[in-house]
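In what follows, a structure is listed as structure tokens, so that the remarks can point back to it.
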Amino acid sequence: MSTSTLREVQTWIADQLPALIEKHQVPAAAYAVLAGGEVVDGAAGLLSTATRVEATADSVFQIGSITKLWTATLVMQLADEGRLDLDQPVRTYLPEFQIGDRDAAAAITVHQLLTHTAGFEGDIFTDTGLGDDCVEKYLGVLHDVPQLFSPGERFSYNNAGYVVLGRLVEVLRGKSYDDCLREHLFAPLGLTHAAASVYEAITFRAAMGHIVNDPERGPEPAPIWAMARSNSPAGSMLAMSPRDLVTFARMHLEDGRAADGTQVLAPGTPTRMQAREVGLPYLGVMGTSWGLGFERFDVPEGDIVGHDGSTIGQYAFLRMVPEAGVAVAVLTNGGDAMSLYHEVIGHVLEQLTDTRLPAMPTPPEAPERIDASRYVGTYSADVMDLVVTQDDEGRIWIETIPKGEIAEMGAQRELTEFVPFGEDSVIPLEADRGMHLPHAFVGDDGDGHALYLHVGRAIRRAGA
């Protein structure tokens, strides 16, 4: 059972956070915790190692893909108003929606976009400019995007699908995505430190992302602050303080009500959004299932819901325990953010709820040797190729070859050794940013080989 008070938890974080960010080479971290209807927050470290500006509780950090919860909420507001049916094809509202597979484009529903089950290639980061029409223009770059599997067949994380949802919101509201955020979420929630664009973020005490170019030098300021605005509904721009993020979470925990009683979502809608819709292969650092936007961790003690986000050197984490009315956000700007998240949020949930974060996956101490011929081959996506090989000693290797926009951002080829980890899964021997991400092999190509390499995205086999 939980034994600590919110103030005791705040004292622990304030005492421990400076040492933890140093331990994990995180330039700065900020947090907010909601329990019993009260919020505490704080921060430590530097927003930029170049400017040496210190992080404060009201500093804004990019929240990355946690933005998808905001986009899903905008969509569900439209459903609450009767202006949108989740089970209707997307083309009911966006006749111009087109991908490479015409039949799939006509069949994909709004529900499938929300649950990442639409099945088309999802990591499309094409820059369509800085204007308010950038999301509208983005739909035009999807015309040749391949369909990986039949709509509704399985989960595959899809950034592009959430940009399509952002455009759907724009069309039905008759205004830009950013304006929809401001008018339908920022304003009714009473947010004071939230920025839909870089132009707004710069008016606050804004964090700079940090990346590691040289391990000896550690995290250094990234060369750019944000990704393309066209991906805003998926998570390329939105920044805020942890308190504002927890204010958003509180609305979802209190059945759609803002602190002043405003009904932001209809009663029952938040519970519907958090409920399990689709399961995932075991991926260790990701949820075990997904709802309507929400990532879910189905643990023995109950449900933990939330989302993670990452941009260029910024990493964000939101966890909510609906049964306990507890929410915690940790926002960072580089380093081993995953380990920091696990220590801080793990402690908070242990002290304030009856739930525990799932243990981080680690490779076995004595890995077995297996015949990996089912796995060997090239798996190709728009932003990278993953080449799986097995050497004469039986060791399994995966080479990551960045392509397109990711390569242009400076991502490098990497060759990593993997070992068997459960059924049809492998795990890297060495941690990357504090985590060992299992890679699952699913499906069959008809010749006894895996059809997909699943890393959250189902990456389809391209050839042997």
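Every residue, every condition in (1) at positive phi; (2) surrounded by 14 or more Cβ atoms within 10 Å (Cβ to Cβ); (3) of a type in the set (Ser, Thr, Tyr), yes or no:
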{"site": "77", "(1), (2), (3)": "no, yes, no"}
{"site": "86", "(1), (2), (3)": "no, yes, no"}
{"site": "99", "(1), (2), (3)": "no, yes, no"}
{"site": "104", "(1), (2), (3)": "no, yes, no"}
{"site": "107", "(1), (2), (3)": "no, yes, no"}
{"site": "122", "(1), (2), (3)": "no, yes, no"}
{"site": "129", "(1), (2), (3)": "yes, no, no"}
{"site": "138", "(1), (2), (3)": "no, yes, yes"}
**Q.** Members of region 26-85 found to be assigned to a loop (DSSP other than H, G, I, E, B) and of a type in the set (D, E, K, R), listed by number
**A.** 52, 58, 81, 83, 85
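Is one or more of the residues making up region 375-398 closer than 30 Å to residue 321 by Cβ, in a loop (DSSP other than H, G, I, E, B) and among the hydrophobic types (A, V, I, L, M, F, W, C)? Walk me through how you get there before you give the answer.
Pass one, region 375-398, residues closer than 30 Å to residue 321 by Cβ: none.
Scanning region 375-398 turns up no residue that is closer than 30 Å to residue 321 by Cβ, in a loop (DSSP other than H, G, I, E, B) and among the hydrophobic types (A, V, I, L, M, F, W, C).
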Q | Single residue of 194, 207 found to be in the same structural domain as residue 30 (by TED's automatic domain parsing) and in contact with a Leu (Cβ under 7 Å, 6 or more places away or on another chain) | A | 207
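Among the residues of region 197-209, is any part of a loop (DSSP other than H, G, I, E, B), farther than 30 Å from residue 247 by Cβ and among the polar types (S, T, N, Q)?
Here is the first cut: in region 197-209, the residues part of a loop (DSSP other than H, G, I, E, B) are 197, 202-205, 207-209.
Filter again for farther than 30 Å from residue 247 by Cβ, leaving none.
So far as region 197-209 goes, no, none of its residues is part of a loop (DSSP other than H, G, I, E, B), farther than 30 Å from residue 247 by Cβ and among the polar types (S, T, N, Q).
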Q: Within region 348-358, identify whether any single residue is under 24 Å from residue 432 (Cα atoms), in the same structural domain as residue 77 (by TED's automatic domain parsing) and at pLDDT 95 or above, and answer yes or no.
A: no
Q. Is it fair to say residue 235 is in contact (Cβ under 8 Å) with a residue 40 or more places away in the chain and either under 19 Å from residue 313 (Cα atoms) or not charged (D, E, K, R) (or both)?
A. yes
Q | Pairs where the first residue, in region 12-32, is at negative phi and of a type in the set (D, E, K, R) and the second is surrounded by 14 or more Cβ atoms within 10 Å (Cβ to Cβ) and part of a helix (DSSP H, G or I), C-beta under 9 Å, 6+ apart | A | 23/339; 23/340; 23/343
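Which residue, of 321, 328, 388, is touching a residue at least 40 places away in the same chain (Cβ under 8 Å), crowded, with 22+ Cβ neighbours inside 10 Å and closer than 19 Å to residue 4 by Cβ? Full working, then the answer.
Working: 321 fails: touching a residue at least 40 places away in the same chain (Cβ under 8 Å); 388 fails: closer than 19 Å to residue 4 by Cβ.
Every option except 328 fails the conditions.
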Q: Taking only region 123-153 into account, find how many residues are out of contact with any Lys or Arg (no Cβ under 6 Å at 6 or more places or on another chain) and either farther than 17 Å from residue 229 by Cβ or assigned to a loop (DSSP other than H, G, I, E, B) (or both).
A: 19
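In the set 433, 457, which member is charged (D, E, K, R), buried (at least 19 other Cβ atoms within 10 Å of the Cβ) and not assigned by TED's automatic domain parsing to the domain that holds residue 224?
Numbers: 433 fails: buried (at least 19 other Cβ atoms within 10 Å of the Cβ).
Going through 433, 457 in turn, just one is charged (D, E, K, R), buried (at least 19 other Cβ atoms within 10 Å of the Cβ) and not assigned by TED's automatic domain parsing to the domain that holds residue 224: 457.
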(Q) When you scan region 188-205, do you find a residue that is farther than 30 Å from residue 266 by Cβ, aliphatic (A, V, I, L, M) and under 17 Å from the mean Cα position of the chain (by Cα), even just one? (A) no
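State all residues of region 216-251 that are among the aliphatic types (A, V, I, L, M) and in a helix (DSSP H, G or I); if no residue qualifies, say none. I'd like the intermediate steps shown before the answer.
Taking region 216-251 and keeping what is among the aliphatic types (A, V, I, L, M), we get 222, 224, 226-228, 234, 237-240, 245-246, 249, 251.
Within region 216-251, 234, 245, 246, 249, 251 qualify.
How do the strands (runs of 3 or more DSSP E) wholly within region 413-464 filter down when requiring 2 or more residues that are over 22 Å from the mean Cα position of the chain (by Cα) and without any contact (Cβ under 8 Å) to a residue 24 or more places away in the chain: which remain?
Details: elements: 414-420, 425-428, 439-442, 452-454, 458-463.
Qualifying strands (runs of 3 or more DSSP E): 414-420.
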Q) Among all residue pairs at least 6 apart or on different chains, which show Cβ distances below 8 Å where the first residue, located in region 246-264, is in contact (Cβ under 8 Å) with a residue 12 or more places away in the chain and the second is of a type in the set (Val, Ile, Thr) and surrounded by fewer than 16 Cβ atoms within 10 Å (Cβ to Cβ)? A) 255/271
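The values are calculated or read from the model by the stated rules, or taken from the named source; none is laboratory data. Quick caveat: nothing in here was measured; it's all calculated off a predicted structure. Virtual Cβ from ideal backbone geometry, glycine too; neighbours counted across all protein chains shown.
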